[in-house]
Amino acid sequence: MFFMGTYTPKLDEKGRLFLPAKFRDRLAEGVVVTQGQENCLVVWPEDVFLAEATRAQQAPLTSRGARDYARVLFGGAEQGAPDKQGRISISPFLRAYAGLTKDVVVIGVMDRIEIWDPERWRDYSTVAQAKFAELDEDAAQN
């Protein structure tokens, strides 16, 4: 199952997020929430995170990029599971990293979910949409 779509749930006063109903079954066994690129958060199903962790573990420790990636990926990671109402808790550290307050944008991105501050998402999406509109067949295949 791929995650797809854009949703606009809200964080409650305790920093919990209602996951979109379409995503809940796939995430029921557990999730890992961590820092993503462009200051969003990434929510991985536990099994997908394990595969990503294995890839990161196979990179040589002598590679600065690999060390940096592992530090960010694991240093901010939090493991959990949705509660009976389909909510996940997002720590104050991760909320601050992503600039999240009450309103958020949740997007499905194939094997993971991203959580964005709405203004950051608008800014990012505007630029990404312009680049997408300019893609040609040759660029799309590379």
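Tabulated data for the structure shown
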quantity: Contour excess over end-to-end distance, with Cα ends at Thr101 and Ala130 and 0.36 nm allotted per residue; calculated: 7.7 nm
quantity: Stretchable slack from Glu78 to Ala56, in nm (0.36 nm times residue separation minus alpha-carbon distance); calculated: 6.2 nm
quantity: Residue-averaged [θ]222 nm for the chain, counting only DSSP H segments that reach four residues, each worth -39500 (n - 2.57); calculated: -12500 deg cm²/dmol
quantity: Gln37-Glu119 pseudo-label distance in nm [points 7 Å out on the Cα-to-Cβ vector]; calculated: 2.4
quantity: For Arg112, residues with placed amide H under 5 Å, excluding near neighbours; calculated: Phe3
quantity: Theoretical gain in end-to-end length, Ala28 to Glu46 [0.36 nm per residue, Cα-Cα removed]; calculated: 5.5 nm
quantity: Estimated dipole of region 3-141 in Debye, rounded to 20 [Cβ of Lys and Arg +1, of Asp and Glu -1, Cα centre]; calculated: 540
quantity: Among 109-122, 68-81, 85-98, 31-44, the order from most to least packed when residues are scored by Cβ within 10 Å on average; calculated: 31-44, 109-122, 85-98, 68-81
quantity: Spatial separation of Cα centroids for region 109-132 and region 13-71, in angstrom; calculated: 17
quantity: Dipole of the chain [Lys/Arg +1, Asp/Glu -1 at C-beta], most positive-end residue of Ser91, Tyr7, Met110; calculated: Ser91
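Readers should treat all values here as calculations from the given coordinates under stated rules, not as data from a laboratory. Just so we're clear, the structure is a prediction, and the values are computed from it rather than from any experiment. No Cβ is skipped: glycine too gets one built from the backbone with ideal geometry, and neighbour counts run over all protein chains shown.
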